[in-house]
Amino acid sequence: MTERFMLSRRDLLKTSAAGAALGLASAAFPIRAARAASATVGFIYVGPKDDYGYNQAHAEGAASLKGIGGISIVEEENVPETVDVQKTMESMINLDGASLIFPTSFGYFDPHMLAMCAKFPDVQFRHCGGMWNKDKHPMNAGSYFGYIGMGQYLNGVVAGHTTKSKKLGFVAAKPIPQVLLNINSFLLGARAVDPAIACQAIFTGEWSLAVKEAEATNALVDQGADVITCHVDSPKVVVETAAGRGAFVCGYHANQSPLAPEKYLTGAEWNWAKVYKMFVDDLIAGKPLPNFTRGGLADGFVKMSPLGPAVGEAARKQFDATLAEMMKGGFSVIKGPLKSNKGAVVATAGQAFVETAIELESMDYLVEGVVGSTA
Amino acid sequence: MEATDIGLWGVPLAMLGGAIRVSTPFIFVSLGEAITERSGRINLGLEGTLVFGAMSAYAVAVMTGSPWLGLLAASVAGLCFGLFHGWICKFPKVNDIAIGIALMLFGTGLAFFFGKPFIQPSAPDLPAIPFGAWSDIPQVQAALNVNVLFLIGAALAVFLWWAFRNTRIGLIVRVVGDSADAALAMGLNPSTVRLLATGVGGALAGIGGAYLSLYYPGSWTERISSGQGLMAVALVIFARWNPLGCFAAALLFGGAGALGPALQSVGVTQGYYLFYAAPYILTLIIMIATSSPNRTLAGAPGELSITK
């Protein structure tokens, strides 16, 4: 009896000591005080965050924030572009206390993100893509994007030197302005090497359809395309299928050279770490976040994969020269005289659209030399 | 790589190649489902089994370096899923369709959970047999590079067609599927037969998944299946529960799926969304043309919960 009492008293002592320690700890690190200088940032991805592509590029950017004091990250992957993303945003705001949210996929914007902007006016939303417009959309929303078309132009330069059949292939997801600009840039880069080069585009209709992407790649190689690139969420299937058929590949979104070390020429990669750090620095400093954020190679938003072993000397030289030109700023991919592949004039002689030109964000044509249709 | 201009021949060639490449998961899942449904039960969970099979095959192939062990792992995993479905459905008043949907979500979720570390590494592929070696045209060679699983699937379809008619096991499965009372009167236990039929169906669906991750498209991602498992279940009805019909329907769907990209590659670029819908429009037309208000579907097992 006594022993049992002793034991329980000892337990009681232990418990109260632990309780006191806990109280001390919370006094030493007051939760409320820490909160003032801290913020939770939410990231939403449409696919898995290690997909060798779009989502991986964003997730790497998000991961780079983890060392910054006071910032905590919440992430959710595989969120469809439906009302599901609204629920994800609500839970990030209500349960995790997120004050800045990056819904990274194109289809999250309208109506899902806009609905959340109206519902939570104190939370900041920044969407990846070119859809925010200050006349139409709320000020707690915004968009950020990189001029990755420049990277596809450089891909095209290397592809133009590498192709023997003078035919390039492009596996594209949906005919939206960013994708069209990438296709056009890829071809124009190649045409800077040889104006006889053509590019065949195939649209799969979805951001991620593994079997259809493989079929599209096979169809392009069957038609004689010998350098393939793509704009889909996960280029893994395209890169592996093309390399398996003996074609060269240019990467997109992230570095896919480990998937095809011999056949990988170069690739246009995102560098979101830089962009997310800019936003978070502003957030910590209490400054208003920019609504319209854009940048290219020179700003460090976009980078190129290291050139692969199959890239020849002439290609390397022109790649370096073009890259140097772009780093100076003011480089234009779309410059006149230029026609669309339906014969309409898209740029008159002397007219040039630099990378920052807002007209490029509503592109609805494929240039002459691209075999493909926007609808 | 020798470039040969094949022009418009690319379309039929791509459809042939596509039929061979894309159809294999359809073949295995629909044959598996045909066995299950012939025994009088529907397993809608095969989509989950397919995805889990794809993941387990890839994971085992990465870890052991052998695609064949991966294939074995996928079929064992599929067998377990099938037996699980069959076991739950043995209890009274359990709805097999509801359990199937639950297992579909469970299988996909479990595959995503265990599959995370295997998205990045590369696994060895299952071998293919170059039937196109006689041709000098690289496109023909590529189209006729036939994976062994496709051949196994074709042989299996013929075997099942024969076995359903001519073997004791085939007749047992059919009688259980057509009339549980008759089976009981014969001294058969319908629950056990259905349990085993669902298990075998699951194993075949797992093999279909292994084809996706180990051959074509040949990598494990969470988006590897674009609903092939569900489509294959529908194909069984489309094929009137006939294994040879399943094989033909799978080929048709594979070939029709290749039509959209192939047409774009030869310059027919307008209206590709319509071409992508081609297989489904075709299904609708055939279903409407062969349906009748006066009789039930020919060949439908009498014990199926959708036809009862």
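The values are calculated or read from the model by the stated rules, or taken from the named source; none is laboratory data. Nothing here was measured: the structure is a model prediction, and the numbers come from that model. Cβ coordinates were reconstructed from backbone atoms using ideal geometry, including for glycine residues, and neighbour counts include every protein chain displayed. All accessible areas refer to the heavy atoms of the entire protein, side chains included, with ligands and DNA or RNA removed. Shrake-Rupley method; radii C 1.70, N 1.55, O 1.52, S 1.80 Å.
Filtering the range A:80-102 to residues that are part of a loop (DSSP other than H, G, I, E, B) and in contact with a Gly (Cβ under 9 Å, 6 or more places away or on another chain) leaves A:Pro80, A:Glu81, A:Thr82, A:Asp96. Any residue at all in the range A:296-305 that is basic (Lys, Arg) and within 23 Å of the chain's Cα centre (by Cα)? Yes, that holds for at least one residue. Scanning the range A:202-223 for residues that are over 19 Å from A:Ala159 (Cβ atoms), open to solvent by 10 Å² or more (accessible area, probe 1.4 Å) and in contact (Cβ under 8 Å) with a residue 40 or more places away in the chain, we see that the one that is nearest to the chain's Cα centre (by Cα) is A:Trp207.
Helices (runs of 4 or more DSSP H) fully within the range B:115-185 that include at least 2 residues being away from chain A (no Cβ under 14 Å): B:148-166, B:168-178, B:180-185.
Suppose the filter is closer than 24 Å to B:Ser265 by Cβ, more than 14 Å from chain B (Cβ to nearest Cβ), not in a strand (DSSP E or B) and not acidic (Asp, Glu); does A:Ala141 pass it? Considered against the rule, which asks whether it is closer than 24 Å to B:Ser265 by Cβ, more than 14 Å from chain B (Cβ to nearest Cβ), not in a strand (DSSP E or B) and not acidic (Asp, Glu), A:Ala141 comes out as no. If the condition is being of a type in the set (D, E, K, R) and without any contact (Cβ under 8 Å) to a residue 40 or more places away in the chain, then the range A:175-201 contributes only A:Asp194.
Within the range B:18-61, the set of residues being within 27 Å of A:Asn218 (Cβ to Cβ), surrounded by fewer than 24 Cβ atoms within 10 Å (Cβ to Cβ) and away from every other protein chain (no Cβ under 14 Å) comprises just one member, B:Ala59.
Taking the stated definitions as given, is B:Phe247 among the aromatic types (Phe, Trp, Tyr), part of a helix (DSSP H, G or I) and either farther than 19 Å from B:Met15 by Cα or more than 14 Å from chain A (Cβ to nearest Cβ) (or both)? So B:Phe247 fits the description; yes. Here the range A:195-209 is the region considered, the condition is being in contact with a Lys or Arg (Cβ under 6 Å, 6 or more places away or on another chain) and within 23 Å of B:Thr221 (Cβ to Cβ), and the residue that is farthest from the other protein chains (Cβ to nearest Cβ) is A:Thr204.
Counting only residues that are β-branched (Val, Ile, Thr) and facing another protein chain (nearest Cβ under 7 Å), which one in the range B:265-291 is most open to solvent (accessible area, probe 1.4 Å)? Once the filter is applied, the top-ranked residue is B:Val266. Within the range A:260-272, not a single residue is open to solvent by 20 Å² or more (accessible area, probe 1.4 Å), more than 23 Å from the chain's Cα centre (by Cα) and within 30 Å of A:Gln124 (Cα to Cα). Filtering the range A:321-375 to residues that are open to solvent by 60 Å² or more (accessible area, probe 1.4 Å), in contact (Cβ under 8 Å) with a residue 24 or more places away in the chain and not charged (D, E, K, R) leaves A:Met327, A:Thr356, A:Ser362, A:Ala375. Among the residues of the range A:330-367, those that are in a loop (DSSP other than H, G, I, E, B), more than 14 Å from chain B (Cβ to nearest Cβ) and under 21 Å from A:Asn155 (Cβ atoms) comprise A:Gly330, A:Phe331, A:Ser332, A:Val333, A:Val354, A:Glu355, A:Thr356, A:Ala357, A:Met363. Of all residues in the range B:212-226, those satisfying the criterion of being out of contact with any Phe, Trp or Tyr (no Cβ under 7 Å at 6 or more places or on another chain) and either in a helix (DSSP H, G or I) or more than 10 Å from chain A (Cβ to nearest Cβ) (or both) are B:Leu212, B:Tyr215. Among the residues making up the range A:103-132, a single one is assigned to a helix (DSSP H, G or I) and closer than 12 Å to A:Glu76 by Cβ: A:Tyr108.
Looking at this structure, is B:Leu105 closer than 18 Å to B:Gly209 by Cα, aliphatic (A, V, I, L, M), open to solvent by 20 Å² or more (accessible area, probe 1.4 Å) and within 14 Å of another protein chain (Cβ to nearest Cβ)? Judged against the criteria, B:Leu105 is a match. Filtered by the rule that a residue be facing chain B (nearest Cβ under 7 Å) and in a helix (DSSP H, G or I), the range A:219-238 gives A:Ala219, A:Leu220, A:Asp222, A:Lys236, A:Val237.
Of the residues making up the range A:153-160, none is within 14 Å of chain B (Cβ to nearest Cβ), in a helix (DSSP H, G or I), in contact with a helix residue (DSSP H, G or I) (Cβ under 7 Å, 6 or more places away or on another chain) and modelled with pLDDT of 95 or more. Annotation for the range B:5-16: at least one member residue is within 14 Å of chain A (Cβ to nearest Cβ) and either surrounded by 24 or more Cβ atoms within 10 Å (Cβ to Cβ) or within 15 Å of the chain's Cα centre (by Cα) (or both). Screening the candidates A:Ala273, A:Ala268 for the property of being more than 11 Å from every other protein chain (Cβ to nearest Cβ), assigned to a strand (DSSP E or B) and hydrophobic (A, V, I, L, M, F, W, C) yields one hit, A:Ala268.
Assess whether B:Gly260 counts as being farther than 30 Å from B:Phe118 by Cα, in contact (Cβ under 8 Å) with a residue 12 or more places away in the chain, within 14 Å of chain A (Cβ to nearest Cβ) and part of a helix (DSSP H, G or I). Criteria met by B:Gly260.
Of everything in the range B:62-88, what is closer than 20 Å to B:Gly100 by Cβ, open to solvent by less than 30 Å² (accessible area, probe 1.4 Å) and either of a type in the set (Gly, Ala, Ser) or out of contact with any Leu (no Cβ under 7 Å at 6 or more places or on another chain) (or both)? Give them in sequence order. B:Ala74, B:Ser75, B:Ala77, B:Gly78, B:Gly82, B:Gly86, listed by residue number. Here A:Gly149, A:Gly129 are screened, and the one residue that is surrounded by fewer than 22 Cβ atoms within 10 Å (Cβ to Cβ), at pLDDT below 95 and either closer than 21 Å to A:Phe279 by Cα or of a type in the set (Gly, Ala, Ser) (or both) is A:Gly129. Here is a check on your reading of the model: is A:Ala33 at pLDDT below 90, loosely packed, with under 11 Cβ neighbours inside 10 Å and of a type in the set (A, V, I, L, M)? The answer is yes for A:Ala33. When A:Ala314 is tested against (1) under 24 Å from the mean Cα position of the chain (by Cα); (2) not in a loop (DSSP other than H, G, I, E, B), only condition (1) is not met. Applying the set (1) in contact (Cβ under 8 Å) with a residue 60 or more places away in the chain; (2) surrounded by 16 or more Cβ atoms within 10 Å (Cβ to Cβ); (3) out of contact with any Pro (no Cβ under 9 Å at 6 or more places or on another chain); (4) part of a helix (DSSP H, G or I) to B:Gly100 leaves exactly one unmet item: (1). For the range A:232-259, the set of residues classified as open to solvent by 10 Å² or more (accessible area, probe 1.4 Å) and touching a strand residue (DSSP E or B) at 6+ places or on another chain (Cβ under 7 Å) consists of A:Ala243, A:Phe248, A:Asn255, A:Ser257, listed by residue number.
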